[in-house]
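Please read the structure below before turning to the comments.
The values are calculated or read from the model by the stated rules, or taken from the named source; none is laboratory data. Bear in mind the structure is a predicted one, so any value in this text is a computation, not a measurement. So basically every Cβ, Gly included, is an ideal-geometry build from the backbone, and we count neighbours across all protein chains shown. Side chains are part of the model used for accessible areas, which takes the heavy atoms of the whole protein and leaves out ligands, DNA and RNA. Shrake-Rupley method; radii C 1.70, N 1.55, O 1.52, S 1.80 Å.
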Amino acid sequence: MAPRSRRRRHKKSPSSVAPVVETPPTVVAPVPLILTKPGPSIDKLGFSSLEDNVPGLSQLILQKLNMKSYEEYKLVLDGGTPVSGFGYRCLEEMFQKMEDTFRFCAYCKALPSGLSDSKVLRHCKRCRNVYYCGPECQKSDWPTHRKVCQELRLVAVDRLMEWLLVTGDFVLPSGPWSWLTEVVQGWDTWFSMRRLQLDDTMDAVLDSQAMTTLWASVRRPRPDPDVLKGSLKRLLTDVLSRPLTLGFGLRALGINVGKVGGSTVHVVGASHAETFLTRPGDYDELGYMFPGHLGLHVIMVGVDVAAGFSQSTSASLLEPGTVQLSSHRGLYHDFWEEQIETGQIAHPDLVVAFHPGFHASPDLMEAWLPTLLLLRDYGIPTMITVYSHQELAASLQILVDLDTHITAYGANPFASLKPEQVYSNPNKQPVYCSAYYIMFLGSSCQLDKRQLEEKVNDRV
């Protein structure tokens with residue numbers, strides 16, 4: 001796709017000083033999604049890639065979900081009704097079928113359907129996560145598995161505990177911050193600030209009927225309270241990582257959130273990961289991070305935005321102290337031409353891309369190129385996040401080749417603390433969402449490849 005020509009520079013609105021106000025809950029206004037030209041779906045690419053490591057795995061997942069195709073799976077993510085018999089008769093069946101989607105030999109990649117009658121898949125007794133078709137495969141795989149066994153044990157617990165977030169039985173602690181924003185520099189200080197509130201919340205969840213029902217349904221021994229509390233903390237960071245990372249970007253780039261009319265953040269390349277099951281209150285913490293702000297508007301833009309997340313992208317003035325969520329389904333450079341250049345929506349103060357993945361696929365890079373060039377040429381403050389040091393180095397090199405002016409990069413103080421297992425390659429080192437960040441503003445970065453490698457190694 002050809003780069004777009006430079007038209008005009010981004011101009012910031014005049015700043016102002018506002019009185020401190022208490023942050024009301026996030027505002028959500030349901031309105032049908034605006035559709036634009038389709039682009040490559042990162043959700044579909046990820047689902048299809050399962051076949052690369054474990055042939056037949058994607059079909060096994062669909063079978064356990066009582067679905068016939070990826071299109072039907074995507075329909076459910078979008079809030080639609082599948083044509084086949086999707087659903088479960090009870091929680092026990094749901095958890096069993098969910099676990100069945102992980103049943104393949106981590107060493108030889110054999111699925112249950114490919115095993116002889118004399119073989120059966122059994123999980124590692126330490127992590128209860130990875131499966132093997134026999135002692136030979138397990139013994140051969142141990143040198144690899146031993147490096148990640150302990151982390152995968154956490155993954156196995158978190159995978160079940162997430163159900164409490166889905167049902168609403170684990171409600172995140174919320175409310176105005178009792179500490180100055182400058183003091184809360186990462187999770188350690190955030191947990192210290194919320195300690196009493198968080199302790200009460202976790203004690204209530206551990207004593208709830210929902211917790212008892214969960215572990216009875218999965219037919220496993222209930223872990224110790226410390227293990228369950230550790231899981232709840234990791235899940236909390238996974239939910240709040242995105243809003244607090246947006247706040248970190250606003251703060252690090254010196255963006256004035258006290259300007260008249262409010263501030264706007266665009267989340268580009270948004271998918272179901274950012275929008276499916278996202279509740280309005282999930283972004284309240286962003287508002288509490290900036291007491292006295294005059295309104296924050298977060299617009300999710302991407303071809304995989306969940307239909308159930310459809311809200312208005314209206315350019316109306318924000319109410320002081322509120323956080324408004326909205327969405328637009330389509331490619332960002334099309335959204336820019338149709339909504340921003342026509343004056344329907346204000347220019348963004350910050351653009352953020354969570355795990356854009358343009359380093360991994362030519363198709364994704366082709367789709368991202370117009371957006372990256374647009375952000376560079378308009379001088380829009382931009383931040384992207386990545387999963388690993390390897391992705392960080394690859395993404396930095398691409399941005400250098402595009403002559404973007406990289407202003408900062410490094411470890412994200414608000415990265416998710418919940419380890420993510422690679423579905424089709426379970427013994428690969430787990431990764432963490434938004435583990436690293438890159439910020440750029442405009443053009444003229446002059447780092448060559450050797451200098452870049454030295455700076456990355458020094459910084460991380």
- Boolean, Ala346 is in contact with a Phe, Trp or Tyr (Cβ under 8 Å, 6 or more places away or on another chain) and in contact (Cβ under 8 Å) with a residue 24 or more places away in the chain: no
- Query: Going through the range 130-144 one residue at a time, which ones are hydroxyl-bearing (Ser, Thr, Tyr) and open to solvent by 60 Å² or more (accessible area, probe 1.4 Å)?
  - Reply: Ser140, Thr144
- Hey, could you check the range 271-315 for residues that are open to solvent by 10 Å² or more (accessible area, probe 1.4 Å) and aliphatic (A, V, I, L, M) and say which is modelled with the highest pLDDT? Leu294
- Residues within the range 247-260 that are in contact with a Phe, Trp or Tyr (Cβ under 8 Å, 6 or more places away or on another chain) and over 14 Å from Gly292 (Cβ atoms), tallied: 2
- Query: Looking at the range 388-419, which of its residues are closer than 19 Å to Leu244 by Cβ and assigned to a loop (DSSP other than H, G, I, E, B)?
  - Reply: Asn412, Pro413, Phe414, Ala415, Ser416, Leu417, Lys418, Pro419
- Looking only at the range 247-265, decide whether some residue is part of a helix (DSSP H, G or I), crowded, with 21+ Cβ neighbours inside 10 Å and modelled with pLDDT under 95. no
- Inside the range 190-240, the number of residues satisfying the requirement of being in a helix (DSSP H, G or I), surrounded by fewer than 19 Cβ atoms within 10 Å (Cβ to Cβ) and either on the phi > 0 side of the Ramachandran plot or in contact with a Cys (Cβ under 9 Å, 6 or more places away or on another chain) (or both) is 1
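Could you pull out the residue among Lys109, Lys147, Lys125 that is part of a loop (DSSP other than H, G, I, E, B), open to solvent by 70 Å² or more (accessible area, probe 1.4 Å), over 30 Å from Leu198 (Cβ atoms) and touching a residue at least 12 places away in the same chain (Cβ under 8 Å)?
Sole residue among the options that is part of a loop (DSSP other than H, G, I, E, B), open to solvent by 70 Å² or more (accessible area, probe 1.4 Å), over 30 Å from Leu198 (Cβ atoms) and touching a residue at least 12 places away in the same chain (Cβ under 8 Å): Lys147.
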- Task: Go through the residues of the range 156-178 one by one and say whether even a single one is surrounded by 13 or more Cβ atoms within 10 Å (Cβ to Cβ), under 26 Å from Val422 (Cβ atoms) and of a type in the set (Ser, Thr, Tyr).
- Result: no
- Listed by first then second residue, the pairs whose first member lies in the range 414-439 and is among the polar types (S, T, N, Q), whose partner is part of a strand (DSSP E or B), with beta carbons under 7 Å and at least 6 positions apart or on separate chains, are Ser434/Phe354; Ser434/Thr385
- Query: Which of (1) of a type in the set (A, V, I, L, M); (2) modelled with pLDDT of 90 or more; (3) under 19 Å from Ile255 (Cα atoms) is the odd one out, the single condition Ala346 does not satisfy?
  - Reply: (2)
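Per-residue answers, yes or no, for (1) touching a Pro at 6+ places or on another chain (Cβ under 7 Å); (2) modelled with pLDDT under 95:
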residue	(1), (2)
Glu366	no, yes
Leu375	no, no
Ile380	yes, no
Met383	no, no
Val386	no, no
Gln390	no, yes
Ser395	no, no
Leu399	no, no
Ile406	no, no
- Item | strands (runs of 3 or more DSSP E) wholly inside the range 286-375 that include at least 3 residues being among the aliphatic types (A, V, I, L, M) and closer than 28 Å to Leu399 by Cα | 296-302, 350-354
- Query: Among Ala353, Ala411, Ala367, which is the only one that is of a type outside the set (Ser, Thr, Tyr), under 17 Å from the mean Cα position of the chain (by Cα) and open to solvent by less than 20 Å² (accessible area, probe 1.4 Å)?
  - Reply: Ala353
- Task: Output the residues belonging to the range 201-247 that are over 14 Å from Val157 (Cβ atoms), among the charged types (D, E, K, R) and in contact with a Lys or Arg (Cβ under 8 Å, 6 or more places away or on another chain).
- Result: none
- Could you please let me know if Leu152 is over 17 Å from Lys229 (Cβ atoms), out of contact with any Asp or Glu (no Cβ under 9 Å at 6 or more places or on another chain) and assigned to a helix (DSSP H, G or I)? yes
- Scan the range 408-429 for residues that are at pLDDT 95 or above and not hydrophobic (A, V, I, L, M, F, W, C) and jot them down. Tyr409, Gly410, Asn412, Pro413, Ser416, Lys418, Pro419
